[in-house]
Ligand code: EPS
């Protein structure tokens, strides 16, 4: 079983994770993880914090000479901003800080404060912050390192920002090239319009959400299962995607659109060729049927709400006085959809790696490869 735990507050010393269950012998370098950390930090619409942070992972354990050992992998990312906040988010400090009592609508502030009995909502918002997605991306990069050994590739691109939509159909090469765009959007015209929309939102003290797509190529038929609800891969992927900060909707393949079409327009007809085996000419199912991967690319889309911190704040209520006030303003991003798409890749990579290890599991990469090859051969002969 592949599992991980992570910890860390937005303005604490840093973020950490322990990844357990990774087979021995998987090539893993900090530099490879850093590539995804850099990708997550980018994207037009980010705020001042990203000028401070230069996320780099330190691999603290579980890897020797560039290969995993099968023991727990310890990961650490420093918060460079911590030094500016010293004493605020330490386990013990004698400094007195102004407490945060004006919850932002849309953020975890109020619900978290009530649930955990906190008067200072900073005790909630620090952990609710999307800063935690940095370590999630690092963990996702570890999962990607395993999947890469089996030629499974994951990429993402932005489909819309606010009301601006990209031309939806694009090729694998287009998606793999999305990092070239400041919005991670493959449609250059829409990209320009998205930047203008973000500028406009900034001027107006507003924020913007959007949608993105994550695709995995090379996933073999047979991950997940139809036999029980919590073993369905579509459910696991949707839960992982939905758990990313700010995500309010997830769809698989044609998703919500399929509900408006006839059966014959939606279901992917089945073909057979002796070289290819069973195959499809369409992929409206997004690579998932009955909760099982069907060998086609896995396609998920997610909708991110606009960032809750508004420079023109909404109405709120002060936690102490109960008076009507304006919500607090924290330094924040105007739009973080391009970054969320990278987190989406990590979320998908993690679930696929878990499912992969469950099906082909072994203690060493060689053992996993043997199991994988045996299964692929059997499937081809069916
Ligand atoms: C966030 C608020 C901002 C974002 C942060 C998420 O941080 P700060 O309050 O320090 O300016 O920049 O995202 C990150 C730090 C990150 O690494 O993505 C929030 O409130 O969720």
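Values in this text are rule-based calculations from the coordinates and carry no lab data. Nothing here was measured: the structure is a model prediction, and the numbers come from that model. Note that we place each Cβ from the backbone using ideal geometry, even for glycine, and neighbour counts take in every protein chain shown.
A Gaussian network model of the chain, with springs between Cα atoms under 10 Å, assigns the largest mean-square fluctuation among 35, 343, 250 to 35.
I'd like the distance between the alpha-carbon centres of the range 163-223 and the range 68-124, rounded to an integer number of Å. For the range 163-223 versus the range 68-124, the Cα centre distance is 30 Å.
Sorting 279, 360, 256, 212 by the number of Cβ atoms found within 10 Å of their own Cβ, with the fewest placed first, yields 256, 279, 360, 212. For the chain, the longest principal axis of the C-alpha atoms and the axis of helix 365-381 are separated by about 50°.
Its DSSP H runs of at least 4 residues, each contributing -39,500 (n - 2.57), put the calculated 222 nm mean residue ellipticity of the chain at -10000 deg cm²/dmol, to the nearest 500. Cβ-to-Cβ counts within 10 Å put 76, 350, 97 in ascending order as 97, 76, 350, the fewest first. Taking the centroid of alpha carbons for each part, the range 1-67 and the range 278-306 are 27 Å apart. Taking the fewest neighbouring Cβ atoms within 10 Å as the starting point, the ordered list for 363, 333 is 363, 333. Note on the chain: GNM, Cα springs under 10 Å; of 320, 37, 223, the largest mean-square fluctuation is that of 320. For the residues 349, 166, 336, a GNM of the chain with alpha-carbon springs under 10 Å puts the largest fluctuation on 166.
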